[in-house]
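Engineer: Let me begin by handing over the structure; questions about it come next.
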Amino acid sequence: MAKRIQFARTGGSEVLELVDVSPAEPGPGEVRIANRAIGLNFIDIYFRTGLYPAPSLPSGLGTEGAGVVDAVGEGVSHLAPGDRVAYAQGPLGAYAELHTLPADKVVKLPDTIDFETAAASMLKGLTVQYLMRQTFALKGGETILWHAAAGGVGSIACQWARALGVKLIGTVSSPEKAALAEKNGAWATIDYTRENVVERVRELTDGAMCDVVYDSVGKDTWETSLDCLKPRSLMVSFGNASGAVDGVNLGILNQKGSQFVTRPSLNGYADTPERLQMMADELFAMLESGKLKVDISHRYPLAEAGKAQDALQGRQTTGSTILLP
């Protein structure tokens, strides 16, 4: 038997329960991983609340972790029991001691990167990789706006932007979070609780505004994000922390300066084993070079997954949070 977190109905963190389950044997093309550390992400809350529907209930939760290969299924040749690995995709169920998933969603973990760092950075780091290197291929010299710059994804984005020579303006909710974002490489910060974001962007850029806006907040920042763009620029909506953007009149893109909008996802970019490996290699190189450091500010035992999610949803965290089985 192995322990895992599951939920039988959607709702608040109280629907999460720790249960004993018989671990699934890996089928053809699958691998079973003994988790050593598990990543905690906002998308996990979306599934728990029902914003994103789980395939069936009761359901496991989580898609990110790092550990050791426990067993492999038929046809898996690139992984073997004992291999150090990490993953950020696949079926829900990473909040567990053992997790079975397709082998092509798993990458080998270099010996230079520990399990906790991998679990804290795989989903967030791969997200920043596709956003900054593919969705809008930053080359250096651009000015960008990044909402929630002191969070887990934002902290990585600030460092990656600095390494690329990009001016990142980050929104934050407190002086402490502003200091953290600036330490990580933000060119400037805006405290949205007491400053007008659009006006401050205009001041900071001498009226030029931003080449691209990265928005994981959603409904509450939709129009603000559009107003911070140069004409004919790109708004990247990649999350729904305040709720989904819905009921959009496409005419607003014309009114705001003939803007472009995209709604990308990790699965849309890491859609083949080769692309996943390429993205992971760049992430691992950033970690190994020291250009990217992961701040694991909170560690919770697996049994306290609900408490960990409440802290994340309540914006009580900075950096990354992990679960330890």
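The values are calculated or read from the model by the stated rules, or taken from the named source; none is laboratory data. Model, not experiment: these values are computed from the prediction. Note that we place each Cβ from the backbone using ideal geometry, even for glycine, and neighbour counts take in every protein chain shown.
Engineer: Which of (1) outside any strand (DSSP E or B); (2) out of contact with any Phe, Trp or Tyr (no Cβ under 9 Å at 6 or more places or on another chain); (3) not basic (Lys, Arg) is the odd one out, the single condition THR112 does not satisfy?
Structural biologist: Against the list (1) outside any strand (DSSP E or B); (2) out of contact with any Phe, Trp or Tyr (no Cβ under 9 Å at 6 or more places or on another chain); (3) not basic (Lys, Arg), THR112 comes up short only on (2).
Let's see how each residue does on (1) of a type in the set (A, V, I, L, M, F, W, C); (2) in contact (Cβ under 8 Å) with a residue 40 or more places away in the chain:
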| position | (1), (2) |
| --- | --- |
| TRP222 | yes, no |
| PRO231 | no, no |
| VAL236 | yes, yes |
| ASN249 | no, no |
| LEU253 | yes, no |
| ASP271 | no, no |
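Engineer: When you scan the range 82-91, do you find a residue that is of a type in the set (Asp, Glu) and in a loop (DSSP other than H, G, I, E, B), even just one?
Structural biologist: Yes, the range 82-91 contains a residue that is of a type in the set (Asp, Glu) and in a loop (DSSP other than H, G, I, E, B).
Engineer: Residues that are touching an Asp or Glu at 6+ places or on another chain (Cβ under 8 Å), at least 3 per element: which strands (runs of 3 or more DSSP E) completely within the range 1-55 meet that?
Structural biologist: Result: 2-7, 30-39.
Engineer: When the residues of the range 289-325 are filtered to those that are modelled with pLDDT of 95 or more, surrounded by 17 or more Cβ atoms within 10 Å (Cβ to Cβ) and in a strand (DSSP E or B), which remaining residue is nearest to the chain's Cα centre (by Cα)?
Structural biologist: Once the filter is applied, the top-ranked residue is ILE322.
Engineer: Kindly state which strands (runs of 3 or more DSSP E) lie completely within the range 164-252 and contain at least 2 residues that are more than 13 Å from HIS147 (Cβ to Cβ) and modelled with pLDDT of 95 or more.
Structural biologist: Qualifying strands (runs of 3 or more DSSP E): 229-237.
Engineer: Ok, one more. I'd like the residue in the range 211-254 that is acidic (Asp, Glu) and within 23 Å of the chain's Cα centre (by Cα) and, out of all such residues, is surrounded by the most Cβ atoms within 10 Å (Cβ to Cβ). Steps first, answer last, please.
Structural biologist: First, the residues of the range 211-254 that are acidic (Asp, Glu): 211, 215, 220, 223, 227, 246.
Right, trim to within 23 Å of the chain's Cα centre (by Cα) and you get 211, 215, 220, 223, 246.
On the way: ASP211: 19, ASP215: 26, ASP220: 15, GLU223: 13, ASP246: 9.
Ranking the candidates gives ASP215 first.
Engineer: A further question on this structure: Across the range 247-293, what is the total count of residues that are on the phi > 0 side of the Ramachandran plot and among the hydroxyl-bearing types (Ser, Thr, Tyr)?
Structural biologist: Number satisfying all stated conditions: 1.
Engineer: Do you know which residues across the range 255-278 are surrounded by fewer than 16 Cβ atoms within 10 Å (Cβ to Cβ) and among the β-branched types (Val, Ile, Thr)?
Structural biologist: If the condition is that a residue be surrounded by fewer than 16 Cβ atoms within 10 Å (Cβ to Cβ) and among the β-branched types (Val, Ile, Thr), then THR262, THR272 are the ones that fit.
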